[in-house]
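Engineer: Dropping the structure in here first, questions after.
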Amino acid sequence: MLSPIKSLLNCKRIFLASGSPRRQELIKNIGVNVELCPSLFEENLDPKSFSGFSEFVEATALGKVAEVFDRLQSDNTAVDIVIGADTVVTLNGRIYGKPKTKQEAFDTLTELVGKSHIVYTGVVIKYGQRIVKFTETATVQFGKANSEQIQAYVDTGEPMDKAGSYGIQGVGGTLVERIDGDFFTVMGLPLYRLSVALLELFDYNIDK
C-alpha cells in the first residue's frame, strides 16, 4: 500500500505520540519506522463539550500530537512527522476508557458482555504545518460470559491498560463474537485509513 512513498518515508524522522508498543508494532508491520515518544498531554477533555465521539477522540489525539511535536522541537530534536491516536469504547452514549481498578474493569466487562458496542479511534498526523485528522469506527458484538469467566480475565491483568477493559488481540478476543468494521480500529490504529492519509500527505493519487 505504501510502496509508492516508501523511499520518502524512509527519509523522515517519524514519531508516534504514544507509549503503546502495540501501535508501534502495527505501524512497523506496514513498513514505517517510528520512534515512540509518549505524550505528556493531560487527557482531561470533556466529551460533553464535543458534538460527538469522533470529534472527542480527534481532539485528544491532536492534543497528544501537538504536545510531542512542540516538546521535540523545543529540545532541538529533529522531527518530520508525528502520529497520534486515541481510542474509546462506547455503549448507549457512555464512554468506557482504561479502567483505574480491577473492580472497574470487572464492572465494565459485565456491562459489555452479550451486547454490541462501538469503538472509535481518532488519528492525527502532523507533517510540518499540515495536519490530517480522521476517525474510524467498528461495532463489536460480545458473546456471553459469566462472572467467573470475567473475573478470571480481569485477573490476567490484560484489561488494565485497554479502552473498554479488553484487548481484542489477546485473551480478550475470546469475548468477541463478531466485528463489523476494521479489526485494527479496535486495536487502536486503523491501518488502511492511516496508509491512505500518509499517501495523501505526500500527494500520491490513490485513484490513478
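Engineer: Which residues, counting only those in segment 77-87, are of a type outside the set (S, T, N, Q) and open to solvent by 10 Å² or more (accessible area, probe 1.4 Å)?
Structural biologist: A78, V79, D80, D86
Engineer: Next question, about the same structure. Considering segment 87-110 alone, what residues qualify as being of a type in the set (D, E) and at pLDDT below 95? Walk me through it before giving the result.
Structural biologist: Quick first cut of segment 87-110, residues of a type in the set (D, E) only: 104, 107.
Answer for segment 87-110, where residues must be of a type in the set (D, E) and at pLDDT below 95: there is none.
Engineer: Looking at segment 178-201, which of its residues are assigned to a helix (DSSP H, G or I) and either among the basic types (K, R) or open to solvent by less than 30 Å² (accessible area, probe 1.4 Å) (or both)?
Structural biologist: Narrowing segment 178-201 to residues assigned to a helix (DSSP H, G or I): 183-187, 191-201.
T185, V186, L191, R193, L194, S195, V196, A197, L198, L199, L201, listed by residue number.
Engineer: Let me ask something else. Determine the pairs where a residue that is in contact (Cβ under 8 Å) with a residue 24 or more places away in the chain, located within segment 42-55, has a partner that is of a type in the set (S, T, N, Q) with Cβ atoms under 6 Å apart, the partner being 6 or more residues away or on another chain.
Structural biologist: Short answer, once both residue conditions are applied: E43/T60; F53/T90; S54/T135.
Engineer: Any residue in segment 149-160 that's free of Cβ contacts under 8 Å to residues at least 24 places away in the same chain: show its pairings with residues that are among the aromatic types (F, W, Y) at Cβ separation under 8 Å, as long as the two are six or more apart or on different chains.
Structural biologist: That search, which allows pairs on different chains as well, returns E158/Y166.
Engineer: Kindly provide the set of residues from segment 11-50 that are open to solvent by less than 90 Å² (accessible area, probe 1.4 Å) and part of a helix (DSSP H, G or I), ordered by number.
Structural biologist: Of everything in segment 11-50, those that are open to solvent by less than 90 Å² (accessible area, probe 1.4 Å) and part of a helix (DSSP H, G or I) turn out to be P21, R22, R23, Q24, L26, I27, P47, S49.
Engineer: Does L175 fit the bill of being hydrophobic (A, V, I, L, M, F, W, C), over 19 Å from the mean Cα position of the chain (by Cα), crowded, with 17+ Cβ neighbours inside 10 Å and at pLDDT 95 or above?
Structural biologist: Values: hydrophobic (A, V, I, L, M, F, W, C): yes; over 19 Å from the mean Cα position of the chain (by Cα): yes; crowded, with 17+ Cβ neighbours inside 10 Å: yes; at pLDDT 95 or above: yes.
Answer is yes for this residue.
Engineer: While we're here: Say whether the condition of being of a type in the set (A, V, I, L, M, F, W, C), in a helix (DSSP H, G or I), open to solvent by 50 Å² or more (accessible area, probe 1.4 Å) and out of contact with any helix residue (DSSP H, G or I) (no Cβ under 6 Å at 6 or more places or on another chain) is met by at least one residue in segment 155-165. Step through it out loud before you land on a result.
Structural biologist: Kept after step one, since they are of a type in the set (A, V, I, L, M, F, W, C), are these residues of segment 155-165: 160, 163.
Now narrow it down to the ones that are in a helix (DSSP H, G or I): 160, 163.
So of that shortlist, the ones also open to solvent by 50 Å² or more (accessible area, probe 1.4 Å) come out as 160.
Next cut, out of contact with any helix residue (DSSP H, G or I) (no Cβ under 6 Å at 6 or more places or on another chain) only: 160.
Yes, because at least one residue in segment 155-165 is of a type in the set (A, V, I, L, M, F, W, C), in a helix (DSSP H, G or I), open to solvent by 50 Å² or more (accessible area, probe 1.4 Å) and out of contact with any helix residue (DSSP H, G or I) (no Cβ under 6 Å at 6 or more places or on another chain).
Engineer: Here's something else I'd like to know. Those residues that are among the small types (G, A, S), open to solvent by 10 Å² or more (accessible area, probe 1.4 Å) and either closer than 19 Å to S18 by Cβ or assigned to a loop (DSSP other than H, G, I, E, B) (or both), I need them from segment 99-123; list them, please.
Structural biologist: First, pick out the residues of segment 99-123 that are among the small types (G, A, S): 105, 114, 116, 122.
Okay, now just the ones that are also open to solvent by 10 Å² or more (accessible area, probe 1.4 Å), so 114, 116.
Across segment 99-123, the qualifying residue is only G114.
Engineer: While we're on this one: Please go through segment 56-113 and give me each residue that is among the aromatic types (F, W, Y), more than 30 Å from D155 (Cα to Cα) and out of contact with any Gly (no Cβ under 8 Å at 6 or more places or on another chain), ordered by number.
Structural biologist: Within segment 56-113, the first condition is being among the aromatic types (F, W, Y), and the residues that meet it are 56, 69, 96, 106.
Filter again for more than 30 Å from D155 (Cα to Cα), leaving 56, 69.
Scanning segment 56-113 gives a single hit, F69.
Engineer: Output the residues belonging to segment 68-98 that are of a type in the set (S, T, N, Q), without any contact (Cβ under 8 Å) to a residue 40 or more places away in the chain and in a strand (DSSP E or B).
Structural biologist: Within segment 68-98, T90 is the sole residue that qualifies.
Engineer: How many residues are out of contact with any Gly (no Cβ under 7 Å at 6 or more places or on another chain) and either closer than 30 Å to L198 by Cα or open to solvent by 30 Å² or more (accessible area, probe 1.4 Å) (or both) if we restrict to segment 137-151?
Structural biologist: 7
The values are calculated or read from the model by the stated rules, or taken from the named source; none is laboratory data. Since the structure is predicted, the reported quantities are computational estimates derived from the model, not experimental observations. Don't worry about glycine lacking a Cβ; one is built from the backbone with ideal geometry, like all the others, and counts go over all protein chains shown. In case anyone asks, the SASA skips ligands and DNA or RNA and just uses the protein heavy atoms, side chains included. Shrake-Rupley method; radii C 1.70, N 1.55, O 1.52, S 1.80 Å.
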